[in-house]
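The values are calculated or read from the model by the stated rules, or taken from the named source; none is laboratory data. Computed from a predicted structure; not experimentally measured. With ideal geometry, Cβ positions are generated from the backbone for all residues, glycine too; neighbour counts draw on all protein chains shown.
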């Protein structure tokens with residue numbers, strides 16, 4: 001009998017499904033919380049599987065642990081624990097946010113194309129203005145997706161349904177996505193949707209033909225500041241930048257200057273350089289910028305907890321059967 005220790009908010013229906021699994025015993029930390037803290041040592045010593053967002057402060061008590069399911073997509077909080085050396089597998093929550101972030105991407109494309117901010121300002125001032133910039137369509141536009149994980153694939157599906165041309169820039173060829181969670185009926189599981197795929201060496205050619213650039217890559221030492229002045233200059237002056245990924249992917253001063261000088265037409269930004277973004281930051285007052293407070297893939301979505309627990313249940317079954325975990329993270333030690 002394998003013991004599972006749970007330290008995430010519960011999903012009642014999923015918990016009932018878990019309790020009927022043969023071969024597992026479930027322990028639940030009283031008042032689950034999404035922060036790092038001390039957990040009952042006796043529970044940790046017996047746990048073979050741990051479902052949490054942050055590792056416990058007394059992680060050294062985990063003597064039988066073989067698998068961690070984290071409730072987040074990011075997993076840097078587990079580095080330095082020596083997981084690989086101790087034979088502990090790690091799986092993350094990729095796929096939980098694909099749908100809402102992709103929908104945010106499409107919403108921002110429409111809002112930027114029709115200058116919704118401008119229309120709202122006119123509404124508040126009682127101005128009747130039927131300028132052509134409020135009547136543009138997105139059909140026929142070219143959307144470039146930099147990074148092609150789950151968010152990029154679901155964005156591509158939606159954009160293509162709306163008649164847009166989809167181009168992708170990736171580090172490796174686009175292929176089938178295996179052993180990664182996705183909501184049924186979404187995404188691009190076979191990797192066949194993009195009209196064209198560019199490699200990193202073709203970055204400037206990729207950028208030069210876009211109407212909308214969407215960043216859909218993780219933040220890492222290799223990607224921090226990957227979009228700077230040269231990349232923004234490569235975009236057409238009518239192009240828009242969308243960043244629902246991580247703020248520091250784009251060099252802050254380069255972005256401010258590009259927006260101020262008309263190097264690009266505008267931007268929609270959900271992830272920022274500081275939290276909260278200071279009220280005197282210049283991005284707040286720019287008429288060609290839409291700012292949202294990191295809510296494109298919020299964990300407060302009514303579907304988030306259900307999807308997270310679905311990943312966990314799938315992985316419990318795979319773990320018991322000795323199969324590869326869904327959303328397995330390699331190289332975290």
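Filtered by the rule that a residue be farther than 21 Å from residue 154 by Cα and outside any loop (DSSP other than H, G, I, E, B), region 210-246 gives 227, 229, 230, 231, 232, 233, 234. Among the criteria (1) in contact with a strand residue (DSSP E or B) (Cβ under 9 Å, 6 or more places away or on another chain); (2) modelled with pLDDT of 95 or more; (3) assigned by TED's automatic domain parsing to the domain that holds residue 253, the one residue 217 does not fulfil is (2). Of everything in region 149-163, what is closer than 19 Å to residue 100 by Cα and either surrounded by fewer than 22 Cβ atoms within 10 Å (Cβ to Cβ) or outside the structural domain of residue 241 (by TED's automatic domain parsing) (or both)? Give them in sequence order. Passing the criteria: 149, 157, 158, 160, 161, 162.
Look at residue 281 and say whether it is surrounded by fewer than 18 Cβ atoms within 10 Å (Cβ to Cβ), without any contact (Cβ under 8 Å) to a residue 24 or more places away in the chain and either under 30 Å from residue 120 (Cα atoms) or outside the structural domain of residue 108 (by TED's automatic domain parsing) (or both).
Judged against the criteria, residue 281 is a match.
When residue 108 is tested against (1) surrounded by 15 or more Cβ atoms within 10 Å (Cβ to Cβ); (2) outside the structural domain of residue 164 (by TED's automatic domain parsing), just one condition goes unmet, and that condition is (2).
Listed here are the residues, each with its yes/no results for (1) over 21 Å from residue 261 (Cβ atoms); (2) in the same structural domain as residue 152 (by TED's automatic domain parsing).
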| site | (1), (2) |
| --- | --- |
| 181 | yes, no |
| 192 | yes, no |
| 202 | yes, no |
| 221 | yes, yes |
| 224 | yes, yes |
| 228 | no, yes |
| 233 | no, yes |
| 239 | no, yes |
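Here is the figure for region 155-181: residues that are under 17 Å from residue 198 (Cβ atoms), in contact with a helix residue (DSSP H, G or I) (Cβ under 8 Å, 6 or more places away or on another chain) and at pLDDT below 95 total 1. Would you confirm whether any residue within region 239-256 is farther than 29 Å from residue 99 by Cβ, more than 22 Å from the chain's Cα centre (by Cα) and either surrounded by 15 or more Cβ atoms within 10 Å (Cβ to Cβ) or modelled with pLDDT under 95 (or both)? Yes: region 239-256 contains one or more residues that are farther than 29 Å from residue 99 by Cβ, more than 22 Å from the chain's Cα centre (by Cα) and either surrounded by 15 or more Cβ atoms within 10 Å (Cβ to Cβ) or modelled with pLDDT under 95 (or both).
Hey, among 326, 241, 291, which residue is touching a residue at least 12 places away in the same chain (Cβ under 8 Å) and over 30 Å from residue 133 (Cβ atoms)?
On the way: 241 fails: over 30 Å from residue 133 (Cβ atoms); 291 fails: over 30 Å from residue 133 (Cβ atoms).
One residue alone meets the criteria, 326.
Could you tell me whether any residue of region 115-129 is in a helix (DSSP H, G or I) and under 15 Å from residue 243 (Cα atoms)? Spell out the reasoning first.
Going residue by residue through region 115-129, those that are in a helix (DSSP H, G or I) are 116-125.
Now narrow it down to the ones that are under 15 Å from residue 243 (Cα atoms): none.
The answer is no; no qualifying residue exists.
Of everything in region 132-148 that's touching a helix residue (DSSP H, G or I) at 6+ places or on another chain (Cβ under 8 Å) and assigned to a loop (DSSP other than H, G, I, E, B), which residue is surrounded by the most Cβ atoms within 10 Å (Cβ to Cβ)? Within region 132-148, the match that is surrounded by the most Cβ atoms within 10 Å (Cβ to Cβ) is 148.
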